[in-house]
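Shown next, in structure tokens, is the structure this report addresses.
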Amino acid sequence: MRFALVDALVIAAFFAILLAIPVWANRRGANGATDFFHSGRSMPWWLIGISMVAAMTSTNSANLFTQLIREDGLAGNWAWWSFLTGGVLTVFVYAKLWHRLGATTDIAFYELRYSGRPAAFLRGFRAIYLGVIYNLVVMATVLLGAVKLGTVLFDVPAWVVLAVTAVASVLYSTVGGIRGTIYADFYLFTVIIVGAVAVMAFALAQPEVGGFAALMQQTAVVPKFGFFPNFADADALWTVFVIPVAIQWWNVWYSGSEPGGGGYIVQRMLTAKSDGHALGGTLFAQVVQYAIRPWPWYIVAFASLVLFPDLDSIRAAFPHVDPKYVGNDMAYPAMIKFVPAGWLGVVAASLMGALFSTIAAQLSMGANYVVHDVWQRFVHPQAEARERVAVARVTSVALMVVGALLAPLLADAKAGFDLMIMVGAGTGAVFLLRWFWMRINAWTEIVALGVSIVCAVFFQMVGPHVFATPLPFGARLLLTIGVTTVAWLAATFLTAPERPEVIAAFRARVRATGRDIGRGVLWTFLVSVAIFAFMWAVGFALRRFV
């Protein structure tokens with residue numbers, strides 16, 4: 001694709017504004033560690049909510065949704081739609097508990113809920129595992145999407161895309177801390193939506209497509225536009241719908257959709273002005289995330305079935321792209337071919353915005369864990385604010401470099417998604433129950449984390465060489481969940497419960513009651529149904545008016 005001068009100017013303006021926001025935020029803030037890591041606990045609900053959605057929106061999002069639709073139809077998105085229930089449960093049960101906890105990170109929870117060496121080990125292990133190891137897998141998956149988009153948009157080698165991403169992401173995420181990140185996320189999400197709508201509009205304008213109404217009548221699209229999978233296909237029914245809806249949402253830990261909240265979701269909750277703002281921001285994020293944000297990408301995915309019906313057509317359109325990168329997730333970058341000069345710069349900026357918002361969230365979260373849960377807790381407890389900020393910035397740079405080196409090792413968007421799902425399988429129930437079931441102790445979580453990792457590595461890497469017939473993903477997931485659940489339940493009852501005074505102090509701090517569960521579950525059901533209905537209503541409105 002060839003960029004015009006106006007496209008280059010649009011991209012230059014995008015970068016200028018992006019880098020100016022954290023500088024402004026840095027001057028506006030108090031410049032201390034509390035402001036750098038928690039924005040002085042001053043953020044309103046709407047800004048928190050948009051920042052959460054921006055953090056969950058990456059270049060890989062459009063690629064993943066396109067791959068799911070091309071392979072399994074719209075119903076294939078139940079693989080991630082199912083996480084809505086957990087997100088809404090976080091809103092009505094856990095958001096206020098996290099805000100009352102008042103911890104520096106969600107990992108600090110461990111030494112407030114548990115005690116002794118097991119709690120300290122769990123805090124350090126979880127911080128390194130999530131802040132470094134798992135974080136790198138997420139970043140590599142996101143960067144893979146950037147490489148695929150960059151090779152199509154700019155016709156440059158993968159290392160150039162990774163280098164530009166690294167420099168821009170580190171600068172914007174480390175200058176202004178979490179305050180600058182949240183302000184920048186609002187700007188980035190606005191650009192993301194404008195770019196996504198532009199790609200949708202030009203895709204629908206293609207003569208072969210003929211608008212949204214005509215698109216929905218295309219023979220390649222009609223069988224793909226179903227909210228539910230084909231119930232006659234037992235394999236698809238179980239893999240695409242039953243397992244995600246019945247089990248996955250509450251028993252699988254996934255970055256951005258953690259049962260009970262975690263990661264950069266909790267990081268943003270902890271910046272809220274109050275319990276109400278933490279709850280409101282998290283609820284607003286669920287509505288935007290599931291009902292509004294993805295529809296332009298869905299429509300482009302459907303249009304790609306008409307314009308690029310198979311992988312050979314994508315290869316033919318982009319012969320310069322390395323064949324190893326050509327998969328169904330490549331169809332979204334291919335659709336950008338139809339965006340004309342002038343708008344191409346806006347679309348490129350929107351894709352960069354999606355990339356930077358997610359990478360910055362991962363860098364900020366990883367640095368937060370390393371500083372508070374490793375450095376300050378175990379290495380230098382008396383570290384002053386300036387030292388903690390410096391360690392955070394060095395950590396961000398190191399994570400960015402390693403993540404960029406790992407990105408080329410992944411195959412496609414779905415492969416990265418499946419890997420992240422497997423690693424967290426079987427642990428979700430622990431994260432939901434630990435606030436209320438006081439029999440759970442530090443060993444419960446240690447065993448759950450350790451067994452889930454071992455199972456994931458075995459089924460993903462060893463299993464293909466052991467089993468004569470490869471196990472389908474659904475079977476691997478259920479086996480990991482089953483083995484992990486049995487292991488952590490055994491550990492819970494075979495080890496001593498937590499000391500009564502520790503439990504009493506925790507309960508006094510978070511003030512969690514049985515009514516939180518009852519009312520929360522009821523509201524979760526009602527609001528989840530309402531958001532799904534709203535999502536479908538948005539789709540029908542687009543079908544009628546676009």
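The values are calculated or read from the model by the stated rules, or taken from the named source; none is laboratory data. Just so it is clear, the model here is predicted, and its values are computed rather than measured. A quick note on method: Cβ atoms are made from the backbone with ideal geometry, for glycine too, and the neighbour counts reach across all protein chains shown. Keep in mind that these areas ignore ligands, DNA and RNA; they rest on the heavy atoms of the full protein, side chains included. Shrake-Rupley method; radii C 1.70, N 1.55, O 1.52, S 1.80 Å.
Values computed for the structure shown
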read-out	value
Single residue of the stretch 228-247 satisfying the filter (open to solvent by less than 60 Å² (accessible area, probe 1.4 Å) and in contact (Cβ under 8 Å) with a residue 24 or more places away in the chain) that is nearest to W80 (Cα to Cα)	P244
Residue in the stretch 212-223 that is of a type outside the set (G, A, S), within 25 Å of L149 (Cα to Cα) and open to solvent by 20 Å² or more (accessible area, probe 1.4 Å) present	no
Test for V394: is it open to solvent by less than 50 Å² (accessible area, probe 1.4 Å) and out of contact with any Leu (no Cβ under 6 Å at 6 or more places or on another chain)	no
Residue within the stretch 26-43 that is open to solvent by 30 Å² or more (accessible area, probe 1.4 Å) and modelled with pLDDT of 85 or more present	no
Listing of helices (runs of 4 or more DSSP H) fully contained in the stretch 168-282 that carry 3 or more residues being closer than 26 Å to T59 by Cα and under 18 Å from the mean Cα position of the chain (by Cα)	177-204, 263-269
Residue ID - farthest from N60 (Cα to Cα), chosen from residues in the stretch 100-132 that are modelled with pLDDT under 80 and out of contact with any His (no Cβ under 7 Å at 6 or more places or on another chain)	G102
Failed item in (1) surrounded by fewer than 19 Cβ atoms within 10 Å (Cβ to Cβ); (2) touching a Ser or Thr at 6+ places or on another chain (Cβ under 8 Å), with I192 passing the rest	(1)
Test: W80 is at pLDDT 90 or above, open to solvent by 10 Å² or more (accessible area, probe 1.4 Å) and within 21 Å of the chain's Cα centre (by Cα)	no
Neighbours by Cβ (under 9 Å, 6+ apart or cross-chain): first from the stretch 280-291, at negative phi; second charged (D, E, K, R) and open to solvent by less than 10 Å² (accessible area, probe 1.4 Å)	G281/R268; T282/R268; A285/R268
Boolean, V288 is aliphatic (A, V, I, L, M) and at pLDDT 90 or above	yes
Helices (runs of 4 or more DSSP H) lying entirely in the stretch 431-507 (those with 3 or more residues that are without any contact (Cβ under 8 Å) to a residue 60 or more places away in the chain and under 30 Å from W98 (Cα atoms))	442-457, 473-494
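For (1) open to solvent by 40 Å² or more (accessible area, probe 1.4 Å); (2) under 30 Å from K148 (Cβ atoms), each residue gets a yes or a no:
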site	(1), (2)
A398	yes, yes
G426	no, no
V451	no, no
A456	no, yes
V462	yes, yes
H465	yes, yes
